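Everything below concerns the one structure shown next.
All of the numbers you see were taken from the coordinates with simple rules; none came from a lab. Quick caveat, the model's predicted, so the values are computed rather than measured. Cβ coordinates were reconstructed from backbone atoms using ideal geometry, including for glycine residues, and neighbour counts include every protein chain displayed.
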Amino acid sequence: MRDRREIECWLTDMDGVLVHENTALPGAADLIRQWRDTGTPFLVLTNNSIFTPRDLAARLRASGIDVPEEAIWTSALATADFCASQMPGGSAFVIGEAGLTTALHEAGFIMTETNPDYVVVGETRNYSFEAITKAIRLINNGARFIATNPDATGPSADGVLPATGAISALITKATGKHPYVVGKPNPMMFRSAMNRIGAHSENTAMIGDRMDTDVVAGIEAGLYTILVMTGIADEREIARYPFRPTEILAGVHELVSAEPIEAEL
């Protein structure tokens, strides 16, 4: 088993690890500050494809956590990166919000409703029957089906909301076609994140709060995995799975150095 002291680069989930309902979790701001002060490469990951990195950086800043937008990697960015690698300059019909459309535009994609190369489904609070119907017809006509993430529901103040996975399932039922899902638990999201910061799996760690996404994808990507108990997972949840993270911690506060660390020159 690798030693945590050998870790040089870090990936971390956002919700349940750094924040909970827009409130910073203990040690989160200190850990990010520690990484920035020491020049440690890191990325904050999220399966949420609604928001741009700038939006998410502002949200974190409002919680007291200072993360630059270039240090945020969303499932929308990972999806755009994947599509561009497969079909540079391609086209897509998108069900999603600004986080997804902006990422695809910046990756060189054209948004179209006429014979697109891809139908890309992401998170949105404005799913429409018309858009879903159009997606079904385009997929039946040969467009490739992509989803940003598999999450069936998302949280809200009033309870759960249908999310990307639920809408993808509806389209799958109507077309018989399953989407290629880019976000967690696909380890490809971690590999694209590591490429972004020039990291290698041998010396990179992933911090998450879910066994079924963060930990399993981290293991499959060959990363040092840390599960924190400030989000979804509890002891009963951990016991359900045949795999284990490298470490289980109470929270990210346990990763904050007691002594200040000088940045290497």
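On C-alpha positions alone, give me the angle between the axis of helix 28-37 and the longest principal axis of the chain, in degrees, nearest 10.
Rounded to the nearest ten degrees, it is 80.
Name the long-range amide H neighbours of Phe145: under 5 Å, sequence gap of 5 or more, or other chain; modelled H, no Pro or chain starts.
Counting only residues 5 or more places away or on other chains, the set is Val119, Tyr180.
Can you say what percent of the DSSP beta bridges in region 76-181, counting only those with both residues inside, are antiparallel? Round to 5.
On the way: 2 of 14 bridges.
Within region 76-181, antiparallel bridges account for around 15 percent of the total.
Compute log10 of I(q)/I(0) for region 76-181 with the Debye formula, placing one identical point scatterer on every Cα and leaving out solvent, at q = 0.10, 0.15, 0.20, 0.22 Å⁻¹, to two decimals.
These q points yield log10 I(q)/I(0) values of -0.24, -0.55, -0.98, -1.17.
Considering only DSSP beta bridges where both residues belong to region 144-265, give the percentage that are antiparallel (nearest 5).
On the way: 2 of 11 bridges.
Close to 20 percent.
I'd like the Karplus ³J(HN,Hα) series for region 10-15: coefficients 6.51, -1.76, 1.60, θ = phi - 60°, whole numbers in Hz, and an x wherever there's a Gly or Pro.
Ordered by residue, 3J(HN,Hα) equals 10, 10, 9, 5, 9, 5 Hz.
Residue by residue, what Karplus-based ³J(HN,Hα) values in Hz, rounded to whole numbers, does region 43-55 have, using 6.51, -1.76 and 1.60 with θ = phi - 60° and x for Gly and Pro?
Along region 43-55, the couplings run 9, 9, 9, 8, 7, 5, 10, 5, 9, 7, x, 5, 4 Hz.
Ignoring everything except DSSP H segments at least 4 long, calculate the 222 nm mean residue ellipticity for the chain; use -39,500 (n - 2.57) per segment, divide by total residues, nearest 500. Each step should come with its number before you reach the end.
Details: 9 runs with 85 residues, N = 265.
Estimated from H runs of four or more residues: -9000 deg cm²/dmol.
Quick one: of the DSSP bridges fully inside the chain, what percent are antiparallel, nearest 5?
For the chain, the DSSP antiparallel bridge percentage is about 10.
From the Cα trace of the chain, what convex hull volume per residue do you get, rounded to a whole Å³?
Working: hull volume 35.3 nm³, N = 265.
Hull volume over Cα atoms, normalised by residue count, gives 133 Å³.
Between region 128-159 and region 170-205, what is the separation of their alpha carbon centroids in Å?
Using only Cα atoms, the two centres lie 17 Å from each other.
Going by C-beta contacts inside 10 Å, put Asp81, Asp214 in order with the fewest on the left. Write out the running numbers ahead of the final one.
On the way: Asp81 21, Asp214 32.
Ascending Cβ contact count within 10 Å gives the list Asp81, Asp214.
Rank the residues Val17, Val252 as a footprinting-exposure proxy: fewest other Cβ atoms within 10 Å of their Cβ go first. The partial results should precede the final answer.
Values: Val17 26, Val252 23.
So the residues, fewest neighbours to most, are Val252, Val17.
Report the charge-dipole magnitude of region 76-181 in Debye, nearest 20, computed about the Cα centre from +1 at each Lys and Arg Cβ and -1 at each Asp and Glu Cβ. Intermediate values should be presented prior to the final figure.
Numbers: 6 positive and 9 negative charges, 80 e Å.
Charge dipole of region 76-181: 380 debye, to the nearest 20.
Arrange Thr172, Thr148, Thr213 by Cβ neighbour counts within 10 Å, fewest through most, would you? List each step's numbers first, then the result.
Numbers: Thr172 16, Thr148 36, Thr213 22.
Fewest-to-most ranking of Thr172, Thr148, Thr213: Thr172, Thr213, Thr148.
List the aspartates and glutamates whose alpha-carbon lies under 20 Å from that of Lys173, not counting same-chain residues fewer than 8 positions away?
Partners within reach: Glu123, Glu130, Asp151.
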